[in-house]
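I have placed the structure first, in the form of structure tokens, so that the comments after it can refer back to it.
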Amino acid sequence: DSGVTQTPKHLITATGQRVTLRCSPRSGDLSVYWYQQSLDQGLQFLIQYYNGEERAKGNILERFSAQQFPDLHSELNLSSLELGDSALYFCASSVAYRGNEQFFGPGTRLTVL
Amino acid sequence: KNEVEQSPQNLTAQEGEFITINCSYSVGISALHWLQQHPGGGIVSLFMLSSGKKKHGRLIATINIQEKHSSLHITASHPRDSAVYICAGFTGNQFYFGTGTSLTVIP
């Protein structure tokens, strides 16, 4: 158990809908990262937050947004969902904003029908 | 061409064998990560390297900054090492992932 929690574990929804994925980092970690893993694209980095502020941005679509709250949990919002958004979404946390080992959550499996 | 290339894509080894997985990158990175993804999907960070060599148990990771190359070695491989191993380069504001090496260790 990494200490990083993600909810929900599984999510099934329809095209055009909006969903919110939640991540709670390990106690004491200030950085949260979001990743998408799909069968055809592999792992992709979406975005990083550190202590409430966006620190790095990867291949995150405009339909997706994220934020980190004062209690350091983070949410990833996915809107206008398409079939291609079906994937495993992982969050990870680390102590600092760079240069540290990341601890991964168990992931949220999103299926868009 | 991908920014991070791994080889081999698939690897089958007998228990006890010494295993090497290679990772080459074409972008300037500040750190190189090695991840292990279990068959159930969970991801564990094995190493984060910016220079030199790190060892943890039977796992050794090395990086050569000049050659833009990193290797992950597993000594005395065991069936529980069967997993997908992924390297990722961090540029400071972006992660680039390799496509992974699927390792199967046969008893």
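The values are calculated or read from the model by the stated rules, or taken from the named source; none is laboratory data. Given the structure is predicted, the values throughout are model-derived calculations rather than measurements. Here the Cβ positions follow ideal geometry from the backbone for every residue, glycine too, while neighbour counts run over all protein chains shown. Surface areas here come from the heavy atoms of the whole protein model, side chains and all, with no ligands, DNA or RNA. Shrake-Rupley method; radii C 1.70, N 1.55, O 1.52, S 1.80 Å.
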Within the stretch A:1-83, report the trypsin sites (Lys or Arg not before Pro) that DSSP leaves as loop and that have at most 11 other Cβ atoms within 10 Å.
A:K9, A:R18
Along the stretch A:60-72, what does the Karplus equation 6.51 cos²θ - 1.76 cosθ + 1.60 (θ = phi - 60°) give for ³J(HN,Hα), rounded to whole Hz, x for Gly and Pro?
8, 6, 5, 6, 9, 8, 9, 7, 10, 8, x, 7, 6
Kirkwood Rh over alpha-carbon pairs of the protein assembly as shown plugged into Stokes-Einstein at 20 °C, 1.002 mPa s gives a D in µm²/s of 120
What residues of the stretch B:79-107 lose no less than 40 Å² of accessible area with every protein chain in place versus their chain by itself (probe 1.4 Å, heavy atoms only)?
B:F90, B:N93, B:Q94, B:F95, B:F97
On the accessible surface of chain B, probed at 1.4 Å, how many percent belong to carbon and sulfur atoms?
50
How much of the accessible area of chain A, probe 1.4 Å, is carbon plus sulfur, in whole percent?
47
Residue by residue through the stretch B:86-103, what is 3J(HN,Hα) from phi via Karplus (6.51 cos²θ - 1.76 cosθ + 1.60, θ = phi - 60°)? Round to whole Hz and write x for glycine and proline.
10, 9, 9, x, 10, 8, x, 9, 7, 9, 10, 9, x, 7, x, 10, 8, 9
Compactness index (Cα Rg / 2.2 N^0.38 Å), chain B
1.01
To the nearest Å², the heavy-atom accessible area per residue of chain A with 1.4 Å probe amounts to 48
Area hidden from solvent between B and A (accessible, protein heavy atoms only, 1.4 Å, total, Å²):
1400
Neighbours of B:I19 by Cβ distance under 12 Å: Lys/Arg at +1, Asp/Glu at -1, summed charge -2
Ignoring everything but the protein chains, give the 1.4 Å probe accessible area of A:E75 in square angstrom, nearest 10.
40
Between the stretch A:29-88 and the stretch B:20-46, the alpha-carbon center distance in angstrom:
19
Against the globular-protein guess of 2.2 N^0.38 Å, express the Cα radius of gyration of the stretch A:1-44 as a ratio, rounded to two decimals.
1.40
